[in-house]
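See structure below.
The values are calculated or read from the model by the stated rules, or taken from the named source; none is laboratory data. Quick caveat: nothing in here was measured; it's all calculated off a predicted structure. Cβ sites come from the backbone with ideal geometry, for glycine too, and all protein chains shown count toward neighbours. Heavy atoms of the whole protein, side chains included, go into the accessibility calculation; ligands, DNA and RNA do not. Shrake-Rupley method; radii C 1.70, N 1.55, O 1.52, S 1.80 Å.
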Amino acid sequence: MEGYDHKTIEEKWRAEWEKNHNNIAKDLSDKKKTYLLVEFPYPSGEGLHVGHVRGYTALDVVARKHRRQNESVLFPIGWDAFGLPTENYALKTGRDPREVTKENTDVFRGQMKRLGLSFNWNHEVNTTDPAYYKWTQWIFLQLHKHKLAYKAKTTINWCPKDKIGLANEEVVDGCCERCGTLVEKREREQWMLAITKYAKRLYDDLDTVNYIERAKVGQRNWIGPSEGAVITFEIRSANREVEAPIEVFTTRPDTLFGATYLVISPEHPLITKLESRIVNHAEVQKYVEEAKKKPEIERTAEGKEKTGVLLEGIRAINPGNKEEIPVFIADYVLASYGTGAIMAVPAHDERDFEFAKKYELSIKQVIAPETGVRRENEEERNGGVGIVFDPARQRYAVGRQKNGLARLFSGGVDDGESIQEGTLREVAEESGLFDFKHVEYIGKTYAHYHNSLRNVNRLAWASAFLVILDSSDVKEVRHESHEDFELEWITGKDLWNNLVEHNIEGSTDHWLWFLRQGIGRAIDLGYDTESDKAFFAQSPYTGEGILTDSGEFSGMKSEEAKKKITEFVGGEMKTTYKLRDWVFSRQRYWGEPIPLINCEKCGWVAVPEKDLPVTLPIVEKYQPTDTGDSPLANISEWVNTTCPTCGGSAKRETDVMPNWAGSSWYYLRYCDPTNKETLADFEKMKYWLPVDWYNGGMEHTTLHLLYSRFWHKFLYDIKVVPTPEPYARRTSHGLILAEGGEKMSKSKGNVVNPDDIIKQFGADTLRVYEMFMGPFDQAIAWSTDGLVGVRRFLERILRMSERLHDIPLPQELETLLNQSIKKVGDDIESLRMNTAVSQLMIFANALQKEEKIPKEAFLTFILLLAPLAPFLSEEIWQGLGGAMSVHKEAWPKHDPSKLVGEEVTIGVQINGKIRGSISCPAGTPEATVLALARAEANVEKWLNGKDIVKIIYIQDKILNVVARDA
RNA sequence: GCCGGGGUGGCGGAAUGGUAUACGCGCACGACUCAAAAUCGUGUCUCGCAAGGGAUGAGGGUUCGAGUCCCUCCCCCGGCACCA
């Protein structure tokens, strides 16, 4: 053997496969279909990245396996070729972006073929092909027709460097996602897509798809629904005239009675509307101007001190208690969320609290943390122990014990407050669990409990923790349900005795220990309004609970009160979403022209379907104009046209679509890439859709997925596509980092080029290495040493192929063979490629150890290796006389009865510790195994002089003998 | 702060609640060789002469048995964030 000449092998089979059309996806076959999708690349000038290779190879392995399971597999690829880098490159070099794109896609295609990726090349699509973007434009026109595309004057995010408007989603930390330039605000007419109309469905239908959790959570957060109420406040001017209603959105209508002022955003229309009524209008106007100037990044910066201006001359009426409250404008309220106005409840909201403190506004507490109602009587109160700690509010009280039951009490009845307070001080200081400033208050609380608990039916506060002395004391926790309250009792064994013994009054050690261990149970506390007012002067309580000071709603639980109060004030329960409509216009050249015409008489008119596509004209200059218009605006012969409706003179829209457009529906076009009548034949889509498995980068799991789900749902509604969701399953691969763990980047010069690896080590080595390097969904650093290890493995396989013998399979190998078939198959389906490769190595190692390698077993090994290392496997397979391509051979099936060997090794544990192991035939009954185990000297030694209490036997795996001293 | 994902040898990492450290890398030793490379073989968590003991970020808990489940906490990575 002349060694492993990967270059010759790979070139030979690539040519052979191309000639024989190894993989054609057959439409409408009666076989089971599988549609495997990988994110199509943006064909940049740099060529394919090793990160692409990771995702593409993984699904290629899946595709190859499924084809061999006699399924009809669609595994297409294409080019997401519109976009800024190509345009910028064209701009710099003066070349036509079409040419540049063609060159780049040729490079990518060549690389993919060299990698042995078995794409269905006859389904290739290119978003910049007029025959493709005709349908992108068509979809846009459908959206327009259904009023989901609208033009709106918006403050847009403007990147001064790229001279392009950005969607909110493309602004990262206030900077342009691509170039990092600080984004400015500009007013501009933009085409918008009403994705918010689909917010609920996009959210709810996530339950119907199988996406990795991260992707689902990402989408949920992005859509960001919050249940709340829209409540109307009346505005009155100084002369008490009713001026205008103002709507606020709140998720906490239950706190309405605690709303002590109103805040509107600086952009709120009310400011202009009530201009004449606002006494300090000049001051207000100044604040508004300043807010406008500030970039969003500054306005929303973390920890920024809140500012605002009181609107003098007008007041709002709290519809709950009819109290008159002041109205402010403040930039911490965003115009873009909810109604752009809020009712401020400083007692129960961090931001409102901060604002109220600064401007000395009244803080009215209307929610008490929910607990039960407690009854207490004098007879029950004796004994003395424990400390109650409320970690949420960092409050202590003292507990007492009686008849083995520890329960809340007033404490210190006999020894007086001084001792207890002193102790509490120590606890507080030493625990380090809370700010010492609360201790004063604790002292009062304690005193207060002393009194209040004599009274019955106190409304209780706080989920507090009762801490008792020693965990060994806890015998059980008993839950009692009463008509109007619930209690948890902790019963202790010798609690009382322990306390006396430990002289607990003077010792804080145990208490501290318990606090730190977090041992304790929620019980209830009494409270009094004065102390609580004092407490809440220090921090707002933002949780839910029981209403107080809320008129007829006092005593009601938050959940119920939300609905009742909203109803009471004539408000409306409503869900709002963080999701914003999608800014769809780009003032660029290299994108799909928006197929609309603006006619002075008829307004915006759609280009008739027969005139699609509106093709991009070839221009001299790709430079965006300084006015912010697209380069297309300079081509008057293209811009000036006639109105399709009235025939009069009209102008074309010169904005183009963002590059999300083409990628939002490409998986549909793959089903039928050459169709001239429609975006794809309905029957073909019905056969292939939904995509069974979509893999791509983590970075696309939010936006791209959301946008394409939106388009798909819209197309489903207008009956163009047959399924409500595009993708049944979504996985994502982790990033490949440079050796050393840094991100690969051109500037750092640490980029690994797949071409170099293929040249030096071969595509098979690269493929197997990338599958083996680590868990598929995790980021992982490149390791050339690891790559070399894989190369050695493949070389070894090739050498082994020359030492084969037609001999029967030894029994242990048969077991391993069946295990390997099962494990490799299962692992591929769940993308555990690293352990699939590892299993293949284990199998190969075992085969190699044989003096004569059984040919049958080795051939099965090759059948399993083939999806991962397609070239070498084919070489060996056909070299050994395979009649056809290994990639057409049926995927091996395992024999379930042969997964366990005849002999098994069973671990023997004594009291859970491994003390030995025995070998016996599989399926040996417990009694025999026990006898065998006891025959082991070591095992018997450990059992010597002990009584066997219990035997646990897990078939063929483990025997655990529980023994106790005799 | 919130939401996700993690923390296991010198390194990448394995492990349906059932013999932790598979597989690979690295390292050491041996065989082959004049020699080296390659290859093949053996060993490689830790303390201990041994018998044994200890170790999966820390500390508790549940269990016959915990890397895996529960609680408290620490650290790292990613995302989001004045969202009312």
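In segment A:772-794, what residues are of a type in the set (D, E, K, R) and either at pLDDT below 90 or more than 7 Å from RNA strand B (Cβ to nearest atom) (or both)? Give the derivation first.
Step one: list which residues in segment A:772-794 are of a type in the set (D, E, K, R), which gives A:777, A:785, A:791-792.
Answer for segment A:772-794, where residues must be of a type in the set (D, E, K, R) and either at pLDDT below 90 or more than 7 Å from RNA strand B (Cβ to nearest atom) (or both): A:D777, A:R791.
For (1) under 14 Å from A:I342 (Cα atoms); (2) surrounded by fewer than 17 Cβ atoms within 10 Å (Cβ to Cβ), each residue gets a yes or a no:
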{"position": "A:E241", "(1), (2)": "no, yes"}
{"position": "A:R252", "(1), (2)": "yes, no"}
{"position": "A:A259", "(1), (2)": "yes, no"}
{"position": "A:I264", "(1), (2)": "yes, no"}
{"position": "A:E267", "(1), (2)": "yes, no"}
{"position": "A:I271", "(1), (2)": "no, no"}
{"position": "A:V279", "(1), (2)": "no, yes"}
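Any residue in segment A:824-839 that is more than 8 Å from RNA strand B (Cβ to nearest atom), open to solvent by 10 Å² or more (accessible area, probe 1.4 Å), over 40 Å from the mean Cα position of the chain (by Cα) and not hydrophobic (A, V, I, L, M, F, W, C)? No. The residue of segment A:183-223 that is farthest from A:L715 (Cα to Cα), among those that are in a helix (DSSP H, G or I) and of a type in the set (F, W, Y), is A:W222.
Answer yes or no: is there a residue in segment A:799-808 that is open to solvent by less than 50 Å² (accessible area, probe 1.4 Å) and within 15 Å of RNA strand B (Cβ to nearest atom).
We begin by selecting, within segment A:799-808, every residue open to solvent by less than 50 Å² (accessible area, probe 1.4 Å); these are A:800-801, A:804.
Pick out the ones that are also within 15 Å of RNA strand B (Cβ to nearest atom) and you get A:800-801.
Yes.
Here A:L794 passes the criteria (1) closer than 22 Å to A:L117 by Cβ; (2) assigned to a loop (DSSP other than H, G, I, E, B); (3) among the aliphatic types (A, V, I, L, M) except the one numbered (2). In segment A:746-757, which residue that is open to solvent by 30 Å² or more (accessible area, probe 1.4 Å) and of a type outside the set (K, R) is modelled with the lowest pLDDT? So the residue we want is A:S747.
In segment A:612-639, which residues are open to solvent by 80 Å² or more (accessible area, probe 1.4 Å) and out of contact with any helix residue (DSSP H, G or I) (no Cβ under 9 Å at 6 or more places or on another chain)? Quick ask: steps written out before the conclusion?
If we filter segment A:612-639 for residues that are open to solvent by 80 Å² or more (accessible area, probe 1.4 Å), which is where we start, we get A:618, A:620-621, A:623, A:626-627, A:634, A:637.
Residues satisfying the conditions are A:D626, A:N634, A:E637.
Residue pairs whose Cβ atoms lie under 7 Å apart, separated by 6 or more positions or on different chains, with the first residue in segment A:590-608 and open to solvent by 40 Å² or more (accessible area, probe 1.4 Å) and the second of a type outside the set (A, V, I, L, M, F, W, C) and assigned to a strand (DSSP E or B), are A:N598/A:K651; A:W604/A:K151; A:W604/A:N598. Filtered by the rule that a residue be near RNA strand B (Cβ under 10 Å from one of its atoms) and open to solvent by 40 Å² or more (accessible area, probe 1.4 Å), segment A:918-940 gives A:S919, A:A937, A:N938. A:E213 falls short on exactly one of the conditions (1) in contact with a strand residue (DSSP E or B) (Cβ under 8 Å, 6 or more places away or on another chain); (2) closer than 26 Å to A:Y694 by Cα; (3) within 11 Å of RNA strand B (Cβ to nearest atom); (4) not aliphatic (A, V, I, L, M), and that condition is (1).
Restricting attention to segment A:953-966, which residues are farther than 15 Å from A:I918 by Cβ and either surrounded by 16 or more Cβ atoms within 10 Å (Cβ to Cβ) or within 11 Å of RNA strand B (Cβ to nearest atom) (or both)?
If the condition is that a residue be farther than 15 Å from A:I918 by Cβ and either surrounded by 16 or more Cβ atoms within 10 Å (Cβ to Cβ) or within 11 Å of RNA strand B (Cβ to nearest atom) (or both), then A:V962, A:A963, A:R964 are the ones that fit.
Highlighted here are the helices (runs of 4 or more DSSP H) found entirely within segment A:16-117 that include at least 1 residues which are under 26 Å from A:P617 (Cα atoms): A:84-93, A:97-114.
Looking at A:T128, is it more than 30 Å from A:H887 (Cβ to Cβ), modelled with pLDDT of 95 or more and part of a loop (DSSP other than H, G, I, E, B)? Answer is yes for this residue. A search for C-beta distances below 6 Å between a residue of segment A:9-36 that is open to solvent by 40 Å² or more (accessible area, probe 1.4 Å) and any residue that is aromatic (F, W, Y), counting only pairs 6+ apart in sequence or on different chains, returns A:L28/A:Y687. Within segment A:758-782, no residue that is within 15 Å of A:M112 (Cα to Cα) and open to solvent by 10 Å² or more (accessible area, probe 1.4 Å) sits with its Cβ atom under 7 Å from a residue that is more than 15 Å from RNA strand B (Cβ to nearest atom) and small (G, A, S) at 6+ positions apart or across chains.
Go through the residues of segment A:549-563 one by one and say whether even a single one is open to solvent by less than 50 Å² (accessible area, probe 1.4 Å) and basic (K, R). Yes, some residue in segment A:549-563 is open to solvent by less than 50 Å² (accessible area, probe 1.4 Å) and basic (K, R).
Scan segment A:329-346 for residues that are of a type in the set (A, V, I, L, M), more than 6 Å from RNA strand B (Cβ to nearest atom) and surrounded by fewer than 18 Cβ atoms within 10 Å (Cβ to Cβ) and jot them down. Working first, answer last.
Going through segment A:329-346, the residues of a type in the set (A, V, I, L, M) turn out to be A:329-330, A:333-335, A:341-345.
Filter once more, keeping what is more than 6 Å from RNA strand B (Cβ to nearest atom): A:329-330, A:335, A:341, A:343-345.
Of everything in segment A:329-346, just one residue is of a type in the set (A, V, I, L, M), more than 6 Å from RNA strand B (Cβ to nearest atom) and surrounded by fewer than 18 Cβ atoms within 10 Å (Cβ to Cβ), namely A:A335.
Conditions (1) out of contact with any strand residue (DSSP E or B) (no Cβ under 7 Å at 6 or more places or on another chain); (2) touching a residue at least 60 places away in the same chain (Cβ under 8 Å), marked per residue:
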| position | (1), (2) |
| --- | --- |
| A:V639 | no, no |
| A:P644 | no, no |
| A:G648 | no, no |
| A:N659 | yes, yes |
| A:S663 | yes, yes |
| A:R669 | no, yes |
| A:P673 | no, yes |
| A:K676 | yes, yes |
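Within segment A:347-362, the set of residues being closer than 16 Å to A:R252 by Cα and either within 11 Å of RNA strand B (Cβ to nearest atom) or surrounded by fewer than 21 Cβ atoms within 10 Å (Cβ to Cβ) (or both) comprises A:H348, A:D349, A:E350, A:R351, A:D352, A:F353.
Whenever a residue of segment A:941-952 is without any contact (Cβ under 8 Å) to a residue 12 or more places away in the chain and within 13 Å of RNA strand B (Cβ to nearest atom), its partners that are in a strand (DSSP E or B) and not basic (K, R), lying with C-beta atoms within less than 7 angstrom and at least six residues away or across chains, give the pairs A:I952/A:N960.
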